[in-house]
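Working notes for the structure below.
The values are calculated or read from the model by the stated rules, or taken from the named source; none is laboratory data. Here the structure is a predicted model, which means the values were calculated and not measured. Don't worry about glycine lacking a Cβ; one is built from the backbone with ideal geometry, like all the others, and counts go over all protein chains shown. Protein only, heavy atoms only, side chains kept; ligands, DNA and RNA dropped before computing areas. Shrake-Rupley method; radii C 1.70, N 1.55, O 1.52, S 1.80 Å.
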Amino acid sequence: MAQEFSDLPAEKRRQITNAAIQVFAEKGYRQANTRDIAAKAGISKGLLFYYFKNKKSLYLYLADCLRQSIENRMPASLSETGDFFEIMDLGAAEKMDLLRKTPWALDFAVKMYYTADREIAPSIRRYVCRMLDDMFQRYFAGVNTEKFRPEVSPRQALDLLVQLMDGYIHQQLLRGSALDIDTLLEEYQVWKDVVRKYAYKEEYQ
């Protein structure tokens, strides 16, 4: 991303990023056309490439914008609760609220996470792994481990919950079923209870 993009007024940056996310959400990475993105943003294609050297750099920038939007909604005290599942609940509620208000962001996030495009997939996989590591360090490093069974760590619980939700979403995509925010939240509660019974000592379940 060029420094000039960062220097734009916030409203202009939002106009461009929102246009790009909506086009990528609708068409996916390979089929998304930068000409359509520029037209939707109200700028020339040349100016778009002045701000971003190529489609890949724009896509990765949008992925980070979505992450930042979610992080900005997290309360500063989130990591202070000490309870692993309270942190998960607060984080999930904020993420779902953001996605509910910007429904195209869910389509973008899902297409990004499950992309198989050879041009972008390796970078996205690295990005997602790094994001998960950062999230754990930021919010879960100080959780109360006394509640956990000796053989289960907080990171194992987090990874398991992510994998369960990942499996559910992947199954829905294979079926061609539309993803719904409220249904996702209901499924999260089911898998959260499963992981809680697996990870926590009986007296904390």
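So here's what we get for this one:
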{"item": "Members of the range 46-76 found to be assigned to a loop (DSSP other than H, G, I, E, B) and not aliphatic (A, V, I, L, M), listed by number", "result": "52, 53, 54, 75"}
{"item": "Any pair with Cβ under 7 angstrom, 6 or more apart, that starts in the range 136-149 at a residue that is closer than 18 Å to residue 92 by Cα and hydrophobic (A, V, I, L, M, F, W, C) and ends at one that is surrounded by fewer than 18 Cβ atoms within 10 Å (Cβ to Cβ) and at pLDDT below 90", "result": "143/82"}
{"item": "Filter pass, residue 178 being surrounded by fewer than 12 Cβ atoms within 10 Å (Cβ to Cβ) and not basic (Lys, Arg)", "result": "yes"}
{"item": "Which listed residue is surrounded by 14 or more Cβ atoms within 10 Å (Cβ to Cβ), at pLDDT below 90 and not basic (Lys, Arg), from 60, 90", "result": "90"}
{"item": "All positions within the range 132-165 that are open to solvent by 70 Å² or more (accessible area, probe 1.4 Å), more than 21 Å from residue 109 (Cβ to Cβ) and not in a loop (DSSP other than H, G, I, E, B)", "result": "137, 145, 146, 156"}
